[in-house]
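The structure appears below as structure tokens.
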Amino acid sequence: MNASAPPVIVWFRDDLRLSDHAALIAARDAGAHLICLYIYDDTHIRKHGHRPLGAAAQWWLANSLRALDADLKKLGQDLVLRRGEARTVLPQLAQETHAKTVFWIDSELPAEAARARDVAEALHKIGVEIHVSRSDLLAPPHSIRNKEGNGLRVFTPFWKRVRAQGEPPRPLPAIRKLPPPVASLKSDSLKEWQLKPTRPDWAGGLRKTWTPGEAGAHKRLHDFLDGAIKSYAEGRDFPGKDHASHLSPHLRFGEISPRQVFHAAHFAAEQHPALSRDVEKFLSELGWREFCRHLLFDHPDLHHRNLQSTFDDFPWRHDAKALRAWQRGRTGYPIVDAGMRELWHTGAMQNRVRMVTASFLVKHLLLDWREGEKWFWDTLVDADPGSNPGNWQWVAGCGADAAPYFRIFNPILQGEKFDPDGAYVARWVPELSRLPPPLIHKPWEATPMELAAAGVRLGENYPAPIVDHKDARERALAAYRKTRN
Ligand code: FAD
């Protein structure tokens, strides 16, 4: 290492890992003292669709930063924490340390890209060079365009185009050695940022469910590829079976890159050809993440503007009581309530149940999808600026490749089909756990004796349905028909 060379800075963003990190490798290769920096920018002007992190994601971030700092310390490095606008913090740090180059990984998230543009401009003014590595996406948005130069709005041709590009670049190796840090640099303490809840501390369920950080991400991936991937294609729809990878929050914060996941899954299929179908299905789900990110690239206001403007006059209802019942898992529809309680407790919800609960809000309750998106944004540990609004718009019917308007999930049939033994509902709605299937999915059809035997008192210890399924369905169909015409 050249100790007299000016130090270099790596700016970590949604890439909180040490492996497959091109910017960190390039910075290491500069052979000078190294500053690893994370900036908590909650002051950023709300433009380009920027949104402050929700509460569950803040919890995740705090833990992920702690894990990254511990991993860096093993290599003799430190994570420097600073709070403020990146375009001010980075030039200040460069001047304070006489650093002459800043490295980071590119991001196609509109808010992040705008932030990086501001930083680049500010650094340029003081003569500091920047070195930007390719973003984490499997395929950059500019590479998947139609003849008019627009992004694709239908998933299947989108994913075919991504796959036609061949395999994404191979992930880069993990860093084993880093140059030393700059001595005595001031860093905020994570505590000051108050990312974790204290009064009350509602994060007990999150702590039990998750291990944020790069090691936790790789453990999830390996456990998944060693076990749950088998029968993923069918099993992923069953919330009680746990065939999913649980990688979404790790991917959200870049503790693992989509390329690492892609290649590991591909390798598993090469080793065990019987897994090919499940692996293909899994990769296509990763493709949905990519699809949503490409949508966001073209529509930075995805979380508040309908992709289909015909929905701008949709007659959404205002009903604070119904919204609260949905948020708290007290709608009287067991599969919906189980999902909403799982979300509150663990910061996540299985995909099929996300679709059912979201559909219930927009179709059965006729409440604006943005209300649901906001709640998920605040409560999901994987709350993603592309996938959350992209999926909400898909469910509401106003988005890209959206579900047809007449597809209204029947929450009773969904429960019976995808939770046939009622284990999922029993776990999250324990007051119904002694009702046998299929009654556990429609307790109002149980006889007084059956209810008494199971200890269920409808309207007392478990709510009666807040809407009648058939009436709600008719009401939604009428509203959607009117909008379509
Ligand atoms: P797996 O089934 O193991 O899938 C692997 C990876 O593929 C996931 O980690 C995720 O990155 C991606 N993926 C899977 N399904 C989708 C999908 N439908 N859309 C986009 N990416 C997908 N996912 C988020 O990551 N963040 C969100 O904020 C989010 N909000 C959602 C809101 C609604 C209303 C709905 C219906 C879905 C939402 N999803 C979101 C998508 C999906 O439900 C989760 O990605 C998935 O449940 C995460 O679990 P997993 O990691 O075990 O998924």
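One table, with the values for the structure above:
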| read-out | value |
| --- | --- |
| Residues of segment 299-342 that turn out to be among the hydroxyl-bearing types (S, T, Y) and open to solvent by 50 Å² or more (accessible area, probe 1.4 Å), as a count | 2 |
| Answer from K219, K208 - the residue that is under 23 Å from the mean Cα position of the chain (by Cα), exposed (fewer than 15 other Cβ atoms within 10 Å of the Cβ) and within 14 Å of P249 (Cβ to Cβ) | K219 |
| Check on M340, within 17 Å of the chain's Cα centre (by Cα) and within 9 Å of the ligand (Cβ to nearest atom) | no |
| Residues (under 23 Å from H266 (Cβ atoms) and modelled with pLDDT of 95 or more) located in segment 170-187 | R170, P171, L172 |
| So A403, is it assigned to a loop (DSSP other than H, G, I, E, B), within 11 Å of the ligand (Cβ to nearest atom), closer than 29 Å to E108 by Cβ and without any contact (Cβ under 8 Å) to a residue 60 or more places away in the chain | yes |
| Considering residues of segment 362-382 that are closer than 18 Å to R305 by Cα and near the ligand (Cβ under 9 Å from one of its atoms) only, the residue farthest from the chain's Cα centre (by Cα) | W369 |
| Matching residues, segment 272-293, being within 11 Å of the ligand (Cβ to nearest atom) and either more than 11 Å from K230 (Cα to Cα) or open to solvent by 20 Å² or more (accessible area, probe 1.4 Å) (or both) | K281, L283, S284, E285, L286, G287, W288, R289, E290, F291, C292, R293 |
| Filter pass, E416 being among the charged types (D, E, K, R), open to solvent by less than 10 Å² (accessible area, probe 1.4 Å) and part of a helix (DSSP H, G or I) | no |
| Pairs, first open to solvent by 10 Å² or more (accessible area, probe 1.4 Å) in segment 360-373, second more than 9 Å from the ligand (Cβ to nearest atom) and assigned to a helix (DSSP H, G or I), C-beta under 6 Å, six or more apart | E371/L323 |
| Helices (runs of 4 or more DSSP H) contained entirely in segment 423-485, each with at least 3 residues that are under 35 Å from the mean Cα position of the chain (by Cα) | 423-428, 469-484 |
| Test result for E255, among the acidic types (D, E) and part of a loop (DSSP other than H, G, I, E, B) | yes |
| Residue among R161, R170, R145, R153 that is loosely packed, with under 12 Cβ neighbours inside 10 Å and more than 26 Å from W59 (Cβ to Cβ) | R170 |
| Test set (1) open to solvent by less than 40 Å² (accessible area, probe 1.4 Å); (2) closer than 30 Å to Q58 by Cα - L451 fails condition number | (2) |
| Single unsatisfied condition, G235 versus (1) without any contact (Cβ under 8 Å) to a residue 60 or more places away in the chain; (2) of a type in the set (G, A, S); (3) within 9 Å of the ligand (Cβ to nearest atom); (4) open to solvent by less than 10 Å² (accessible area, probe 1.4 Å) | (3) |
| Filter pass, L323 being modelled with pLDDT of 95 or more, away from the ligand (no atom under 13 Å from the Cβ) and in a helix (DSSP H, G or I) | yes |
| Those residues of segment 49-72 which are assigned to a loop (DSSP other than H, G, I, E, B) and open to solvent by 10 Å² or more (accessible area, probe 1.4 Å), in sequence order | G49, H50, R51, P52, L53 |
| P249 vs. criteria within 8 Å of the ligand (Cβ to nearest atom), of a type outside the set (F, W, Y), in contact (Cβ under 8 Å) with a residue 40 or more places away in the chain and within 25 Å of G339 (Cα to Cα) | yes |
| Every pair of residues 6+ apart whose Cβ atoms lie under 7 Å, when the first sits in segment 278-298 and is closer than 14 Å to S248 by Cα while the second is of a type in the set (D, E) and more than 7 Å from the ligand (Cβ to nearest atom) | R293/E108 |
| In segment 35-48, residue surrounded by the most Cβ atoms within 10 Å (Cβ to Cβ) [restricted to those that are closer than 26 Å to P181 by Cα and in contact (Cβ under 8 Å) with a residue 60 or more places away in the chain] | I35 |
| Test result for G399, touching a Gly at 6+ places or on another chain (Cβ under 9 Å) and modelled with pLDDT under 95 | yes |
| Filter pass, F253 being among the hydrophobic types (A, V, I, L, M, F, W, C) and closer than 30 Å to L413 by Cβ | no |
| Selected residue [assigned to a loop (DSSP other than H, G, I, E, B), closer than 30 Å to L458 by Cα, out of contact with any Pro (no Cβ under 7 Å at 6 or more places or on another chain) and of a type outside the set (S, T, N, Q)] from M349, M340 | M349 |
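Rundown of residues vs (1) in contact with a Cys (Cβ under 7 Å, 6 or more places away or on another chain); (2) open to solvent by 20 Å² or more (accessible area, probe 1.4 Å); (3) modelled with pLDDT of 95 or more; (4) under 19 Å from V381 (Cα atoms), yes/no style:
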{"position": "G227", "(1), (2), (3), (4)": "no, yes, no, no"}
{"position": "S245", "(1), (2), (3), (4)": "no, no, yes, yes"}
{"position": "L251", "(1), (2), (3), (4)": "no, no, yes, yes"}
{"position": "I256", "(1), (2), (3), (4)": "no, no, yes, yes"}
{"position": "F262", "(1), (2), (3), (4)": "no, no, yes, no"}
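This table checks each residue for (1) out of contact with any helix residue (DSSP H, G or I) (no Cβ under 7 Å at 6 or more places or on another chain); (2) of a type in the set (G, A, S).
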{"position": "A120", "(1), (2)": "yes, yes"}
{"position": "H124", "(1), (2)": "yes, no"}
{"position": "H131", "(1), (2)": "no, no"}
{"position": "K147", "(1), (2)": "yes, no"}
{"position": "R170", "(1), (2)": "no, no"}
{"position": "P173", "(1), (2)": "yes, no"}
{"position": "D188", "(1), (2)": "yes, no"}
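The values are calculated or read from the model by the stated rules, or taken from the named source; none is laboratory data. Everything numeric in this text was worked out from a predicted model, so none of it was measured. Glycine gets a Cβ as well: all are built from the backbone with ideal geometry, and neighbour counts include every protein chain shown. Accessible surface areas use protein heavy atoms only, side chains included; no ligands, DNA or RNA. Shrake-Rupley method; radii C 1.70, N 1.55, O 1.52, S 1.80 Å.
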